[in-house]
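The values are calculated or read from the model by the stated rules, or taken from the named source; none is laboratory data. What you see is a predicted model; the values in this text were computed from it and never measured. For neighbour counting, all protein chains shown are included, and Cβ atoms are generated from backbone atoms with ideal geometry for every residue, glycine included.
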Amino acid sequence: MKISEKGIFLLKNLGKGLGWLFFLLLVFFFLKKNLGEHSLDPLAPVLNRPGVILLIYVVSEVAFGIIPPEIFMLWGLRAGSPTAYAGWVGIFAMISYAAGIIGYAIGYTLQTTRFFRYVRRYRLRKYEAHLQKFGSMLVIVASMTPLPFSAICMLVGSARYSFPRFLVMALTRFVRYALYAYLIWEANVMVPA
């Protein structure tokens, strides 16, 4: 069976994402085993304030995903129960999906402005070739991999791709969050403090 170029692109980027998750989990295991649960006490003023965490997350997601969402999923483990953890991950996924819609709207409405030309030249240029090659499939790849989701959504909006189709394709963002959250939860359960 021959894999298409789109399939290879998706698998390659998915491999990068899973590699990043694996690395992050190794660091998490190391810290949990060797430094104990009080190792993050100096960060308690921030970590114990969910509103601050959500604000940081929103800014990160709208601003091209500066902080990987898996870091916030690890923070969500502090909730303790699987239900509370799933609730936090659901909130993070909805915020990320909304950030993608905002990105699409920015690209769609501001495509002819000086601001957008600047963003396109310095932040989006490297993804334009992928958009020309893979079309709206790039939204699915960005949803599932470390490609900057909001930035890709902005680019897709500026290219005026169908908004309803974009919304459906961007739903794959929830699949990534569910899969990564499950792997993080299971890894946390496997390694006692």
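For the stretch 158-193, name all the residues that are over 21 Å from VAL89 (Cβ atoms) and of a type in the set (Phe, Trp, Tyr).
The answer is TYR161, PHE163, PHE166.
GLY17 is checked against (1) surrounded by 12 or more Cβ atoms within 10 Å (Cβ to Cβ); (2) under 16 Å from LEU74 (Cβ atoms); (3) at pLDDT below 80; (4) not β-branched (Val, Ile, Thr) and fails just one. What number does that condition carry?
Among (1) surrounded by 12 or more Cβ atoms within 10 Å (Cβ to Cβ); (2) under 16 Å from LEU74 (Cβ atoms); (3) at pLDDT below 80; (4) not β-branched (Val, Ile, Thr), GLY17 violates only (3).
Provide a single number: the residues in the stretch 139-193 that are free of Cβ contacts under 8 Å to residues at least 24 places away in the same chain, within 26 Å of TRP75 (Cα to Cα) and part of a helix (DSSP H, G or I).
The number of residues fulfilling the criteria is 6.
Just checking, does the stretch 121-132 include any residue being under 12 Å from the mean Cα position of the chain (by Cα) and closer than 26 Å to PHE22 by Cα?
Scanning the stretch 121-132, I find no residue that is under 12 Å from the mean Cα position of the chain (by Cα) and closer than 26 Å to PHE22 by Cα, so the answer is no.
Can you name every residue in the stretch 70-121 that is part of a helix (DSSP H, G or I), surrounded by 16 or more Cβ atoms within 10 Å (Cβ to Cβ) and polar (S, T, N, Q)?
SER96
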